[in-house]
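Structure first, commentary second.
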Amino acid sequence: MKDLKEKTIRGGLARICAQGMEFLLRLVGLMVLARLLTPMDFGLVGMVTAFTGFLTLFRDFGLSSAAIQSINVTEEQFSTLFWINVAVGAILGIIATAFAPAIAAFYHDRRLIGVTAALSAGFLFNAVGVQHGVLLQREMRFTIVAQIKVISLILGTAVGIGGALAGYGYWSLVAMSITFPLVITIGSWMATGWRPGRPHRRSGMRSIMRFGGIVTLTSLVGYLATNLEKILLGRFWGPDVLGLYGRAYQLINIPTDGLNSSAGEVAFSALSRLQDSPTRLKSYFLKGYALVLTITLPITVTCALFANDVIAVFLGPKWMPATPLFRLLAPTILVFGIINPLNWLLPALGLVDRALKLVVVFAPIMIVSYIVALPFGPKGVAFAYSAVMLLWAIPAIGWAVQGTVFCLQDFLTTISRPLVSTIAAASCAVGVRLLWGQPLSTLPRLVLEVGVFLAIYGGLTWFVTGQKSLYIDLLRGLKGSRSEAEQSALTPSGV
């Protein structure tokens, strides 16, 4: 594809800008809701979402990834996929509602019956818009995708805050959760203008279904590995503890989770178009990987070093017991930043079987670690979570890229550059805090710490560790895409 680079850069820039907006909106929403609601409110909804999140993995049966990765998808296949998604969404909603009494019994809280039934509507809202989102991604219309997600976040956050101000407590969180998929689906239908036809039995669906099935199974096992601890904490330590742990986990994940998701949308679509061009695929991936790490690493270190100030500013005084959990969970973001891009790479290469093997080995290790740590409470679980993630990262990369155009050294070299800058900047920021930060109140001190860190980190990244050429190349690609768009606008139609 001649303009793939320009589309990728333009789409990546749109998603990064939107991610900045999403980050601010999520942060503001979390700050406001944390002051309006209690840890128990968050804990009650967290108890249910731990289960519904499991079912969410089946919401499209991996068919969206399969449709994006496939080089050619017919109109008949898209229509068939749409109706499969709708059927799956309806079934998941019914299953979630049917299991509501069991969930309430598991946690010994009958309020969860209504919460579960209400949240189950989200499955159908999402299912109706999955294939429309796939169409936008296949066409690499990431600017539209970004706009839809920002609008959904604005409306959803407004609903949540409005409900909390009106005194609806945890129901405001439920309403917010349902609003997100509903708005995204409406926006996707409006943006594509596509209307599905009737389903077809013989439309070459076997390979797509197999790919989607493996993707779903991989996501399922991975979800259990990284979320079962929340179910266990809710069951054995109660909603207040889960509320603290869940908010610490959410706050530390807001910047990087969205970043990986946004970058993954663009990268997966672009890499899937380069399956037959391994040299270009390698170059594209490593540049995107470097960019994600450059943003992820400083966030991780900032959270770990200045956890007290971060919690005090963003969540408020009543959430200070979450500080040690926040600090203990910080290393997980480092590891997620390092290994999550494999979720773009392996499916794009068609190596979904290998991805499944990786997670099947990882999941039992992770689950056993925090089951052993559960008697020590949320701190023990958070420590076990981070420790296993840190030990898993490098072996996972080595196994994942074996026999591909990549080698482990490619990843280690890419990781080392922002890591060196991060360590140096962190040392300077801690020194500044010790010398001048102690007399300051919380917010000015956090601004000073983060400002010094980012200034030094940015300077080292640009001038010392060899990242300057990466950003210049990205800017040139963006300039090229703009020039091409301007030229097209000046060309008379029909020429």
Kindly provide the set of residues from segment 98-139 that are more than 30 Å from Pro239 (Cβ to Cβ), touching a Ser or Thr at 6+ places or on another chain (Cβ under 6 Å) and in a loop (DSSP other than H, G, I, E, B), ordered by number. Val128, Gly129
Give the residues of segment 404-419 that are farther than 22 Å from Leu351 by Cα and free of Cβ contacts under 8 Å to residues at least 40 places away in the same chain, sorted by residue number. Thr413, Ser416
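For segment 30-46, check the following and say yes or no: at least one residue is part of a loop (DSSP other than H, G, I, E, B), crowded, with 19+ Cβ neighbours inside 10 Å and at pLDDT 80 or above. I'd like the intermediate steps shown before the answer.
The initial filter retains those residues of segment 30-46 that are part of a loop (DSSP other than H, G, I, E, B), namely 37-38.
From the residues that got through so far, the ones that are crowded, with 19+ Cβ neighbours inside 10 Å too are 37.
Now restrict to residues that are at pLDDT 80 or above: 37.
Yes: one or more hits.
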Do the conditions hold for Glu139, that is, is it in contact (Cβ under 8 Å) with a residue 24 or more places away in the chain, of a type in the set (D, E, K, R) and farther than 27 Å from Lys230 by Cβ? no
I'd like to check something: does segment 203-213 contain any residue that is crowded, with 16+ Cβ neighbours inside 10 Å, modelled with pLDDT under 80 and in a loop (DSSP other than H, G, I, E, B)? yes
Taking into account only those residues within segment 231-245 that are surrounded by 21 or more Cβ atoms within 10 Å (Cβ to Cβ) and within 16 Å of Ile103 (Cβ to Cβ), which is nearest to the chain's Cα centre (by Cα)? Leu242
On the given criteria, is Ala312 touching a residue at least 40 places away in the same chain (Cβ under 8 Å), among the small types (Gly, Ala, Ser), closer than 28 Å to Phe362 by Cβ and touching a helix residue (DSSP H, G or I) at 6+ places or on another chain (Cβ under 9 Å)? no
Condition broken by Leu440, with the remaining ones in (1) at pLDDT below 85; (2) surrounded by 19 or more Cβ atoms within 10 Å (Cβ to Cβ) satisfied: (2)
Among the candidates Thr414, Thr404, Thr461, Thr422, which residue alone is at pLDDT 85 or above, part of a helix (DSSP H, G or I) and touching a Pro at 6+ places or on another chain (Cβ under 9 Å)? Thr422
Residue in segment 143-170 that is farthest from the chain's Cα centre (by Cα), counting only those that are touching a residue at least 40 places away in the same chain (Cβ under 8 Å) and closer than 18 Å to Ala117 by Cβ: Gly169
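The values are calculated or read from the model by the stated rules, or taken from the named source; none is laboratory data. Everything numeric in this text was worked out from a predicted model, so none of it was measured. Reconstructed Cβ throughout: ideal geometry from the backbone, glycine too, with neighbour counts over all protein chains shown.
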